[in-house]
Amino acid sequence: MHTIRDVARLAGVSVATTSKVINNKGSVRPKTAKRVLEAMAALDYHPDQVARSLKVRQTQTIGIVIPDITNPFFTDVIRGVETEARASGYSLILADSNEDSALEEANLNMLYARRADGVLLAPTAAFASQDRLTRRRFPVVLFDRLCPGFAGSAVVTDNLVGAREATEHLISLGHKRIAIITGRMELANAVARLEGFRGAFQRAHLPLPEEYVRYGDFQFESGYRCGAELMQLATPPTAIFSCNNKMTLGLIRALFELHVACPQQVSVVGFDDFDWAANFSPRLTTVAQPTLEMGRQATRMLFEMIRDWKDGGQEQRGRVIALKPELRVRDSTAHPCGESLPVNPATDLRPAAAEADGPSKL
């Protein structure tokens, strides 16, 4: 294995000059720098990042812990994180907690043990590690989800505004019987979306029957179950607001199996927008979150925290950035057209093979 001395010898320069070129520090003439880079390429030399991290006490690595790697929302956020990290010379370690708080804890401990410079976290539920990470001086920034009692920094979507605008869109079309499939109430984004939904009803002075409020868990199966239950009510809703992409897919499957036409019998709005939303028939009306911007801003916030702590500063007071979502109106919402048709109570509503078959036309 070649060393920096071998590179310096081949380039005909000092080790100090070679080090300046490798670390992109100090003033080196372009011709000299070119010789050093050519020598590195000829010897296939790569700097020892472990040794460098021990010297500067930084690994130029950050971690990101997400709760569901199968959800395209998080993969889009990761794209924003990676773009920002790469531009700053950082590498990224990805860990999936699979909505398991114990696995989340293990992932955070792993990143700390590997001396990551900081971590971006979309928490599973209650974030119990905040105090311990603060004592360790381990920078952490939350994104997408907030937890009760969290006093640190985070980048989220303005979920209340997004849900309110989606509901007001349905009300403006003439819908009064509007249902919601919400997420887990221990997560702040689920609470905010429900509050925005209720707020739109209050503004319009409309009653909201509790049977139209269904509690899911942000997973396909709960969207399927809640959608089926709603459409089998004695007075089913004429519109449904689903609070994330995976539950929307489950809802769509339930409507398809019950032979409920969208938007003729029920309008659908989903929270989260992805490429597939515009490829359904009908094309889905959605609330789009600024996923790439969320990833970029959370990464910048984390880098600021890393610099402050490296310079010996105290932990900064937490701040939360709320990004504005965008309502994208397509074809799955329309004016209500009379009463919904009755459904067959004998319809097989088991979700076992539904997800494997993929979404179908409504």
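The values are calculated or read from the model by the stated rules, or taken from the named source; none is laboratory data. Being a predicted model, the structure only gives us computed values, none of them experimental. Cβ sites come from the backbone with ideal geometry, for glycine too, and all protein chains shown count toward neighbours. Heavy atoms of the whole protein, side chains included, go into the accessibility calculation; ligands, DNA and RNA do not. Shrake-Rupley method; radii C 1.70, N 1.55, O 1.52, S 1.80 Å.
Using all pairs of distinct alpha-carbon atoms, the Kirkwood hydrodynamic radius of segment 141-223 works out to 13.6 angstrom. Positive contributions from Lys and Arg (+1) and negative ones from Asp and Glu (-1), summed over other residues with Cβ under 14 Å from the Cβ of Ala87, come out at +2. Against the chain, whose longest principal axis is taken from its Cα atoms, helix 245-257 shows a tilt of about 30°.
Gain on full extension, evaluated as 0.36 nm per residue between Asp308 and Trp276 minus their Cα-Cα distance, stands at 7.4 nm.
I need the Debye-formula profile for the chain: one equal scatterer per C-alpha, no solvent, reported as log10 I(q)/I(0) at q = 0.07, 0.10, 0.11 1/Å, two decimals. Values, matching the q order: -0.41, -0.70, -0.79. Add +1 for every Lys or Arg and -1 for every Asp or Glu among the other residues with Cβ under 12 Å from the Cβ of Val191, and state the total. Counting the neighbours of Val191, the net charge comes to +2.
Seen against the Cα atoms of the chain and their longest principal axis, helix 101-113 is set at about 10 degrees.
The modelled label-to-label distance for the pair Ala288/Lys31, using points 7 Å beyond Cα in the direction of Cβ, is 5.3 nm.
Accessible area per residue for the chain, computed on protein heavy atoms with a 1.4 Å probe, is 48 Å². When both bridge partners sit in the chain, DSSP labels roughly 10% of those beta bridges antiparallel. Leaving out ligands, DNA and RNA, what percent of the accessible area of the chain is carbon and sulfur, probe 1.4 Å? For the chain, the apolar C and S fraction of the accessible surface comes to 51 percent.
Within the chain, how many Lys pairs sit with Cα atoms under 15 Å apart, leaving out pairs fewer than 8 places apart on the same chain? Final tally of qualifying lysine pairs is 4. Computed on the chain, with alpha-carbon pairs under 8 angstrom and 6+ residues apart, the relative contact order is 17 percent.
With 0.36 nm allotted per residue and the present C-alpha distance subtracted, the Arg86-Lys176 stretch has 27.5 nm of extension available.
A simple rule links phi to the HN-Hα coupling: the Karplus curve 6.51 cos²θ - 1.76 cosθ + 1.60 with θ = phi - 60°, which for segment 15-31 gives 4, 4, 5, 4, 4, 4, 5, 4, 8, 6, 10, x, 9, 10, 4, x, 5 Hz, with x for Gly and Pro. The amide H of Ala239, built 1.01 Å from its N in the peptide plane, has Ala179, Ser267 as neighbours under 5 Å, considering only residues 5 or more places off or on other chains. Mind checking the angle between helix 291-310 and the chain's longest principal axis? C-alpha axes, 0 to 90 degrees, to the nearest 10. Taking Cα atoms only, the helix is inclined about 40 degrees. A cut-off under 13 angstrom between Cβ atoms defines the neighbours of Arg29, and their net charge, with Lys, Arg +1 and Asp, Glu -1, is +4.
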